[in-house]
1. For the chain, give the percent of accessible area contributed by carbon and sulfur heavy atoms, probe 1.4 Å, rounded to a whole number.
2. Give me the distance in nm between label points sitting 7 Å out from Cα along the Cα-to-Cβ direction at L73 and T3, one decimal.
3. With a cut-off of 8 Å between alpha carbons and a minimum separation of six or more residues, what is the relative contact order of segment 1-76 in percent?
4. How far apart, in nm, are the 7 Å Cα→Cβ label points at D59 and A84?
5. Calculate, for the chain, the solvent-accessible area per residue in square angstrom, rolling a 1.4 angstrom probe over the heavy atoms of the protein chains.
6. Along the charge dipole of the chain, Cβ charges K/R +1 and D/E -1, which of A61, I81, A5 sits furthest on the positive end?
7. What percent of all Cα-Cα pairs in the chain falls in each 5 Å bin, counting up from 0?
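The values are calculated or read from the model by the stated rules, or taken from the named source; none is laboratory data. These figures come from a predicted structure and were not determined experimentally. We place every Cβ from the backbone using ideal geometry, glycine too, and count neighbours over all the protein chains shown. Keep in mind that these areas ignore ligands, DNA and RNA; they rest on the heavy atoms of the full protein, side chains included. Shrake-Rupley method; radii C 1.70, N 1.55, O 1.52, S 1.80 Å.
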Amino acid sequence: MVTAAVIGTGFIGTVHVGALRRLGVSLAGVLGSTGERGASRAAALGLAAYPTLDALLADPAVDVVHVTSPNHLHHPQVLAILRAGKHV
């Protein structure tokens, strides 16, 4: 079983969470733009919240990360995810 995490808790992040759930993919949690927003949206989605990207990447349960943050953040986030040995 693959376990995913989602970066971004806005509209598209929520769409990805719903799609992953419908597919039966295990979800480890979400990362919001701030710790407070992430915690609030994670609670509404019934998921754990990661306080930082580093915390998400350090979670050995996460196999793949869906990046739904604003476009200008994709490049540095994807590089960090790949360097951590996780799929994007």
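1. 61
2. Roughly 2.3 nm, to one decimal.
3. On the way: 129 pairs, mean separation 30.0, N = 76.
Reported as a whole number, the value is 39 percent.
4. In this crude spin-label approximation the distance works out to 0.9 nm.
5. Spelled out: the 1.4 Å probe surface of the chain, per residue, equals 55 Å².
6. Among A61, I81, A5, the one farthest towards the positive end of the dipole of the chain is A5.
7. So the P(r) values, bin by bin, are 3, 16, 30, 29, 18, 5, 0.
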